[in-house]
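Read-outs throughout are calculated quantities, based only on the coordinates presented, and are distinct from any laboratory measurement. Just so it is clear, the structure is predicted and the values come from calculations on it, not from any experiment. As a convention, Cβ positions derive from the backbone with ideal geometry for all residues, glycine included, and neighbour counts pool all protein chains shown.
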Amino acid sequence: MLDTLENLIKLARERKSAPVDGSYTNKLLTNKSLSKAKVLEEVDELIEAVEENSNIIHEAADVFYHLLMYLEANDIKIEDVMSELEKRKKWPMMIIIFLQKF
């Protein structure tokens, strides 16, 4: 399952280093305004899909794809995002341990 996300990240990085003419992925990676607009558009479409209970999975996939491209276009590594999420996972336990001392 996570292989698909890893493959998307690899694709984005490959396209950044070796662009393919006419590639939609390349357009998103080189045009930050387009990439930003697409993330906003796709999130909007996902919210609408959830509210209407229609086409949810398709729209969620679009959000993942466009967000990954936006991050890569702006040199934000998914590994850094995952590290931040991992740190956040530890906060509740750290708070409990801290509070137990009092």
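Computed quantities for the displayed model
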quantity	calculated
Conditions (1) surrounded by fewer than 13 Cβ atoms within 10 Å (Cβ to Cβ); (2) under 15 Å from the mean Cα position of the chain (by Cα); (3) among the hydrophobic types (A, V, I, L, M, F, W, C); number of the one not met by Val39	(1)
Where a residue in region 6-25 is in contact (Cβ under 8 Å) with a residue 24 or more places away in the chain and its partner, wherever it lies, is assigned to a helix (DSSP H, G or I) and of a type in the set (Gly, Ala, Ser), with Cβ under 9 Å and at least six apart	Ala12/Ala73; Lys16/Ala73; Thr25/Ala12
Pair list, Cβ under 7 Å, 6 or more apart: region 41-53 residue without any contact (Cβ under 8 Å) to a residue 60 or more places away in the chain and closer than 15 Å to Phe64 by Cβ, other residue acidic (Asp, Glu) and surrounded by 13 or more Cβ atoms within 10 Å (Cβ to Cβ)	Glu42/Glu59; Glu42/Asp62; Glu45/Glu59; Glu45/Asp62; Leu46/Glu59; Ala49/Glu59
